[in-house]
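Each value in this text was obtained by applying a stated rule to the coordinates, not by laboratory testing. Only a predicted model underlies this, so the values are computations on that prediction, with no experimental measurement involved. Because the Cβ atoms are built from the backbone with ideal geometry, glycine has one as well, and the counts that use them run over all protein chains shown.
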């Protein structure tokens, strides 16, 4: 009499015409990652993690990725967006605040890891998007924490250890004011202090100062925004009336077409000027929010470091190289 498992195998042979596939996992983490990283994963409707066609959870793939690169870098902290690492390394783990704050589902699940070069102790942020086979190096959050040569060596190491993933660099953006945000944060506390600094109480005080500065920046941007809103309407109304009345009297001398052109030019220039100041106020608000999010992220990392200090390392479920 056939057992239940034997009957199930017979049913699969009948429906597929071949024996069920039996994959043997490789001992090499990079090879396992290459075999298991998905090609068509999508976020689930309920906001959970996507699962590839082979049934491998992106969190498992992420754990294998961190193991594969642990020969060249040491993981200092991880930021997770809609996935869970299996197993979770014994480092600070927090949500990805930048993307969680966007409140939309158009971003693929990913993990961002702050890593330290084992050779030169330079800091980098590496982002893995399992569903797209993509690794990105974010420069904005680690500005002045690494050299150009160190960045190129990291790219070469990633391409060597995870050749199935495309590697790219997210460079600094002048439009978003990445350097201004980085300068404001580094003036109070550096990323290295947050990740490896010994005096956590002093780091907490520095983060409190940074949050206070971010709050003041936001209030200052609101003052600028409301000033523009208050002045723009009345000023454009008065300027339009004066320009059209004053230049209208010159129509017999210079021509009606020329006068209409000058009127449109003056009013348009005044409107463009106030539009510039309005956008500048919005830009200041955006940068203030980013400084606040950076301070919140650093605070979560410090809190996690305090928790991990009192938590024993389970060697069976932790990566030894990420301690």
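Would you work out the relative contact order for the stretch 91-189, in percent, from Cα pairs under 8 angstrom that are 6 or more residues apart? Each step should come with its number before you reach the end.
Working: 110 pairs, mean separation 20.0, N = 99.
About 20 percent, as a whole number.
Pop the C-beta distance of residue 100 and residue 149 into the FRET formula with R0 = 30 Å and round what comes out to the nearest 0.05. Before the final figure, lay out the partial values.
On the way: r = 34 Å, r/R0 = 1.13.
Given R0 = 30 Å and the Cβ-Cβ separation, E is 0.35.
Evaluate Rg over Rh across the stretch 182-233, taking Cα atoms for both radii and Kirkwood's formula for Rh.
Numbers: Rg = 15.9 Å, Rh = 12.8 Å.
Result for the stretch 182-233 is an Rg/Rh of 1.24.
Return the FRET efficiency for the residue pair residue 222, residue 186: r is the Cβ-Cβ distance, R0 is 30 Å, and the value is rounded to the nearest 0.05.
That pair, residue 222 with residue 186, gives E of 0.75.
For a footprinting-style exposure proxy, rank 277, 298 by other Cβ within 10 Å, fewest first.
Fewest-to-most ranking of 277, 298: 277, 298.
Only counting other Cβ atoms within 10 Å, I'd like 283, 90 sorted with the fewest neighbours first. Don't skip to the end; give the middle numbers.
Numbers: 283 16, 90 19.
If I rank by nearby Cβ atoms, fewest first, I get 283, 90.
Where both residues lie in the stretch 111-181, what percent of DSSP beta bridges are antiparallel, nearest 5?
Rounded to the nearest five, the antiparallel share is 70 percent.
So what's the stretch 57-125 giving for Cα Rg divided by 2.2 N^0.38 Å, two decimals?
Rg over 2.2 N^0.38 Å, computed on Cα atoms: 1.14.
Working out 0.36 nm times the residue gap between residue 265 and residue 159, then minus their Cα-Cα distance, what length gain in nm do you get to one decimal?
Working: separation 106, 0.36 × 106 = 38.16 nm, distance 5.46 nm.
Result for the pair: 32.7 nm of gain on full extension.
Given the stretch 86-215, what percent of its DSSP beta bridges are antiparallel, to the nearest 5?
Around 70 percent antiparallel, to the nearest 5.
May I ask for the percentage of alpha-carbon pairs in the stretch 212-281 that lie more than 18 Å from each other? Intermediate values should be presented prior to the final figure.
Working: 1233 of 2415 pairs.
Taking all Cα-Cα pairs of the stretch 212-281, the fraction more than 18 Å apart is 51 percent.
Of 201, 57, how do they rank once you tally other Cβ atoms within 10 Å and put the fewest first?
Least crowded to most crowded, the residues run 201, 57.
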